[in-house]
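So the structure is just underneath, and the comments pick up after that.
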Amino acid sequence: MTSKVVDRIESKLPQITALFWVMKIAATTLGETAGDLLSMTLNVGYALSSAILLSTFFLSVAAQLASKRYHPALYWTVILTTSTAGTTMSDYMDRTLGLGYAKGAALLVTILLAVFVAWRLTTGSLSVDRVRSRKAETFYWIAILFSNTLGTALGDFLSDSSGLGFVGGAVLIGSLLTLVLAVTLLTNAPRVLLFWIAFVLTRPFGATVGDVLTKSTDKGGLALGTVGSSVLLASTLVALVVWSMTNERRTRLTHNPTR
């Protein structure tokens, strides 16, 4: 009886469409530039920035868990807070603690895999289509926080240590995402696995794109700076969220015309 009730709980997550991935990339790129704006441009530092941004994450995810249905603005606020917190957390581990990009990424991969194992053992599935209980949603957000933190470390490794540079790193991750899309469209590979691979990869893609936007031209960037890039990306994300909210309202009115 209980399981049937849980299955009927309305999903509070968006549908996985092309718009979802565009908004994910915009949010994670903004997370990169906004995180750097706080920690480096404003000279707050990685440790304090991580504490501040983790606090905003906890507040936003608490509101998300308490909500009864999907709210686009709230959902993407949580995504953004995981991305900004992930940026400064990764930088703190890699730079302040001196782990370096490779060790930091390896540690984060281990943590993320542990989260996935605990999630799978506890709820029986990693599918986002089945996130219809508070327990599953809690694991979902923990996985997203660490996947975005991992993505930052991978993006920084590609941009700074691999020799590819900012543009080369973005091209490599973009190519891998294209490959994931092709596998999704042309094969019967497990959709859950492909989703989480794409989710992790969009974070370093956003990180490298953020570096392209913010870094100086002599370093291969567009020299927009953290402020200019953050304003541009925030405007883009807000426009997409407003459009998503309009579609959500239209869908609810279609399914519940008397409300």
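Quick notes on this structure:
- Count - residues of the stretch 88-127 that are surrounded by fewer than 16 Cβ atoms within 10 Å (Cβ to Cβ), in contact (Cβ under 8 Å) with a residue 24 or more places away in the chain and within 21 Å of Leu38 (Cβ to Cβ): 2
- Residue identified as over 15 Å from the mean Cα position of the chain (by Cα) and at pLDDT 85 or above among Ala27, Ala34, Ala62: Ala62
- Hits in the stretch 197-227 - residues which are in a helix (DSSP H, G or I), out of contact with any Leu (no Cβ under 7 Å at 6 or more places or on another chain), surrounded by fewer than 19 Cβ atoms within 10 Å (Cβ to Cβ) and touching a residue at least 40 places away in the same chain (Cβ under 8 Å): Lys219, Gly225
- Flag: Gly174 does not match the condition of being at pLDDT below 80 and part of a helix (DSSP H, G or I).
- Test: residue in the stretch 129-148 that is surrounded by fewer than 18 Cβ atoms within 10 Å (Cβ to Cβ), at pLDDT below 90, within 20 Å of the chain's Cα centre (by Cα) and within 23 Å of Thr33 (Cα to Cα): no
- Output for the stretch 132-169, where each listed residue is out of contact with any Gly (no Cβ under 9 Å at 6 or more places or on another chain) and outside any helix (DSSP H, G or I): Arg132, Ser133, Gly163, Leu164
- Some residue of the stretch 228-238 being in contact (Cβ under 8 Å) with a residue 40 or more places away in the chain, within 16 Å of Ala18 (Cα to Cα), of a type in the set (A, V, I, L, M, F, W, C) and touching a Lys or Arg at 6+ places or on another chain (Cβ under 8 Å): no
- The conditions of being acidic (Asp, Glu) and over 29 Å from Gly228 (Cα atoms) are met by Asp129.
- For the stretch 228-242, taking the residues that are of a type in the set (Gly, Ala, Ser) and surrounded by 22 or more Cβ atoms within 10 Å (Cβ to Cβ), the one that is farthest from Gly168 (Cα to Cα) is identified as Ser230.
The values are calculated or read from the model by the stated rules, or taken from the named source; none is laboratory data. In this text, all values refer to a predicted model and were calculated from it rather than measured experimentally. Methodologically, a virtual Cβ is constructed for each residue, glycine included, from the backbone with ideal geometry; neighbour enumeration extends over all protein chains shown.
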